[in-house]
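Only one structure is covered here, and it is reproduced in the block below.
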Amino acid sequence: MEQDRKYRVILSGGGTGGHIYPAVAVAEALGRRLGDGVELLFVGARGRMEMEKVPALGYRIEGLPVAGLQRKLSMANLKLPFKVAGSIRQARRIIREFGADIVVGFGGYASGPVLWAAQRMGIPTIIQEQNSHAGITNKLLAKRARHICVAYDGMERYFPAGKITITGNPLRGSFGAEPVSRADAAAHFGLDPARPIILVTGGSLGTRTLNEMMKTNISSFAGPDAPQAIWQTGNYYHTEMAAFMDSHDASNLWLGAFIDCMDMAYAAADVVISRSGACTVSELCLVAKPVIFVPSPNVAEDHQTKNARALAARDAAILIPDALAARDAIPAALALASDPARKRSLARNIASLATPSAADNITSLILKTLTK
């Protein structure tokens, strides 16, 4: 694409990896497409994980003082209007000084003030909504956005239908692009590919529910012919879970705080037990694995349950509520692992929802908007 000047693009989102890494994936796609013809600036919230993660990946970031509304009564809520007003003022300054041509919001505390300011300054904006149930901020900003990028059907419930494009959720890396053999993947974790392998993952910090589920059902993985598990505990819980395993048979388990090669973990697994954050759901669609979702009940607007229901309604996943996970999830996973026909059906249905070109799809919309 020919252009006579460098485009300046602001990408805003953060608070969790589910907002940060889609923005980074689009930044990488813009870099591949435009090279030196684009200048990128991230805008995040001070004190949140993006202020560390984004610079570590080589991108410039500015931080706003904005914070979220506390669910419990808190003095911090009294300060929120002042933080929002201050963040909007700073967002205006950042947009003006950077000379932004477009602002793309990916959700999180910072994206609201930045998109709100850009829209009132006449700067075109694009929203990327990762979940099947739109967040409040994105719904408020939708009317003035040029495009709204979504990953699920039926989002006209929340947004103007004419602005919606189903792009999928952008992911970093190449999940599904170069399949790893099951034998190699199992060997990587010291497991036997001839026996069932259950992958249990609750994200980088981990989740109490899934760890307690494994503790409750640890006897299911004991013995020479027993099923096996890749158990990702999360950094927060790892010391506790490792201590628990000191007094239990660990020969059929790989136990770790973090999995640094998820492609290997997915390739090894017969069945996955996971939370249902937007990026995790998108990864599992790409790798086409039978999955049991245990949605976290502790996220804004219960997004994870709605994400999981969207797949379960299409017979693309199994949903087990958080409160029932300790009792039901492992037995369900082991039954599924021994049912080839059901596994094939779930894998086929979840694969039909994959969008491997999501980052490029969003990049194309950004460039279309810039060149109008």
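The values are calculated or read from the model by the stated rules, or taken from the named source; none is laboratory data. Small disclaimer: the values here were computed from a predicted structure and weren't measured. Neighbour counts run over all protein chains shown; Cβ positions are idealised from the backbone, glycine included. Just the protein is used for accessible areas: all its heavy atoms, side chains included, with ligands, DNA and RNA removed. Shrake-Rupley method; radii C 1.70, N 1.55, O 1.52, S 1.80 Å.
Given A335, A325, which one is without any contact (Cβ under 8 Å) to a residue 12 or more places away in the chain and more than 30 Å from Y7 (Cα to Cα)?
Values: A325 fails: without any contact (Cβ under 8 Å) to a residue 12 or more places away in the chain.
Only one candidate qualifies: A335.
Among the candidates Y237, Y158, which residue alone is under 23 Å from V294 (Cα atoms) and aromatic (F, W, Y)? Let's see the steps before the verdict.
Working: Y158 fails: under 23 Å from V294 (Cα atoms).
Every option except Y237 fails the conditions.
Scan the stretch 346-372 and report the pairs whose first residue is within 20 Å of T125 (Cβ to Cβ) and whose second residue is open to solvent by 40 Å² or more (accessible area, probe 1.4 Å) and of a type in the set (V, I, T), with Cβ atoms within less than 9 Å and a gap of 6+ or a chain change.
Pairs found: N361/T165; N361/I166; N361/T355; I362/T165; L365/T165.
Across the stretch 92-111, which residue is surrounded by the most Cβ atoms within 10 Å (Cβ to Cβ) among those that are of a type in the set (A, V, I, L, M) and not in a strand (DSSP E or B)?
The first filter runs over the stretch 92-111 and keeps only residues of a type in the set (A, V, I, L, M), leaving 94-95, 100, 102-104, 110.
Add one more test, that the residue is not in a strand (DSSP E or B), and what stays is 94-95, 100, 110.
On the way: I94: 22, I95: 20, A100: 22, A110: 32.
Ranking the candidates gives A110 first.
Could you check A151 against (1) hydrophobic (A, V, I, L, M, F, W, C); (2) crowded, with 22+ Cβ neighbours inside 10 Å; (3) within 22 Å of V43 (Cβ to Cβ) and say which number it fails?
All conditions pass for A151, except number (3).
Go through the stretch 127-143 and give me each residue that's farther than 19 Å from V66 by Cβ and loosely packed, with under 15 Cβ neighbours inside 10 Å.
Once the filter is applied, which keeps residues that are farther than 19 Å from V66 by Cβ and loosely packed, with under 15 Cβ neighbours inside 10 Å, the stretch 127-143 yields only K143.
Any residue at all in the stretch 130-137 that is under 27 Å from I350 (Cα atoms) and touching a strand residue (DSSP E or B) at 6+ places or on another chain (Cβ under 6 Å)?
Taking the stretch 130-137 first, the residues under 27 Å from I350 (Cα atoms) are 130-135.
So of that shortlist, the ones also touching a strand residue (DSSP E or B) at 6+ places or on another chain (Cβ under 6 Å) come out as none.
Checking the stretch 130-137: not a single residue is under 27 Å from I350 (Cα atoms) and touching a strand residue (DSSP E or B) at 6+ places or on another chain (Cβ under 6 Å).
Given the structure, is V271 of a type in the set (A, V, I, L, M), touching a Leu at 6+ places or on another chain (Cβ under 6 Å), under 30 Å from S352 (Cβ atoms) and in contact (Cβ under 8 Å) with a residue 40 or more places away in the chain? Step through it out loud before you land on a result.
Working: of a type in the set (A, V, I, L, M): yes; touching a Leu at 6+ places or on another chain (Cβ under 6 Å): yes; under 30 Å from S352 (Cβ atoms): yes; in contact (Cβ under 8 Å) with a residue 40 or more places away in the chain: yes.
Yes: the conditions hold for V271.
If you scan the stretch 149-171, which residues turn out to be among the β-branched types (V, I, T) and more than 17 Å from K306 (Cα to Cα)? Lay out the reasoning, then the answer.
At the first step, the residues of the stretch 149-171 found to be among the β-branched types (V, I, T) are 150, 164-167.
Selection gives I164, T165, I166, T167.
Assuming E39 fulfils every condition listed in (1) crowded, with 24+ Cβ neighbours inside 10 Å; (2) of a type outside the set (K, R); (3) part of a strand (DSSP E or B) apart from one, which condition is it?
With respect to (1) crowded, with 24+ Cβ neighbours inside 10 Å; (2) of a type outside the set (K, R); (3) part of a strand (DSSP E or B), E39 is out only on (1).
Based on this model, can you work out whether G58 counts as more than 23 Å from I88 (Cβ to Cβ) and surrounded by fewer than 20 Cβ atoms within 10 Å (Cβ to Cβ)?
Details: more than 23 Å from I88 (Cβ to Cβ): yes; surrounded by fewer than 20 Cβ atoms within 10 Å (Cβ to Cβ): yes.
So G58 passes the test.
Can you confirm whether the stretch 9-30 contains a residue that is over 17 Å from the mean Cα position of the chain (by Cα), outside any helix (DSSP H, G or I) and in contact (Cβ under 8 Å) with a residue 24 or more places away in the chain? Step through it out loud before you land on a result.
Applying the first criterion (over 17 Å from the mean Cα position of the chain (by Cα)) to the stretch 9-30 yields 9-10, 29-30.
From the residues that got through so far, the ones that are outside any helix (DSSP H, G or I) too are 9-10.
With in contact (Cβ under 8 Å) with a residue 24 or more places away in the chain added as a condition, the list becomes 9-10.
Yes; the residues of the stretch 9-30 include at least one that is over 17 Å from the mean Cα position of the chain (by Cα), outside any helix (DSSP H, G or I) and in contact (Cβ under 8 Å) with a residue 24 or more places away in the chain.
If the Cβ limit is 9 Å and pairs must be 6+ apart or interchain, which residue in the stretch 190-213 that is more than 14 Å from Y236 (Cβ to Cβ) and open to solvent by 20 Å² or more (accessible area, probe 1.4 Å) pairs with which residue that is modelled with pLDDT of 95 or more and in a strand (DSSP E or B)?
Listed pairs, sorted by first residue: G190/W254; D192/Q228; R195/Q228; P196/Q228; P196/V271.
Considering only residues of the stretch 112-126 that are free of Cβ contacts under 8 Å to residues at least 60 places away in the same chain and in contact with a strand residue (DSSP E or B) (Cβ under 7 Å, 6 or more places away or on another chain), which is surrounded by the most Cβ atoms within 10 Å (Cβ to Cβ)? Give the derivation first.
As a first pass, look at the stretch 112-126 and keep what is free of Cβ contacts under 8 Å to residues at least 60 places away in the same chain: 112-113, 116-117, 119-123, 125.
Next, from what is left, pick out any that are in contact with a strand residue (DSSP E or B) (Cβ under 7 Å, 6 or more places away or on another chain): 113, 119, 123, 125.
Numbers: P113: 28, Q119: 17, I123: 18, T125: 26.
The extreme case among them is P113.
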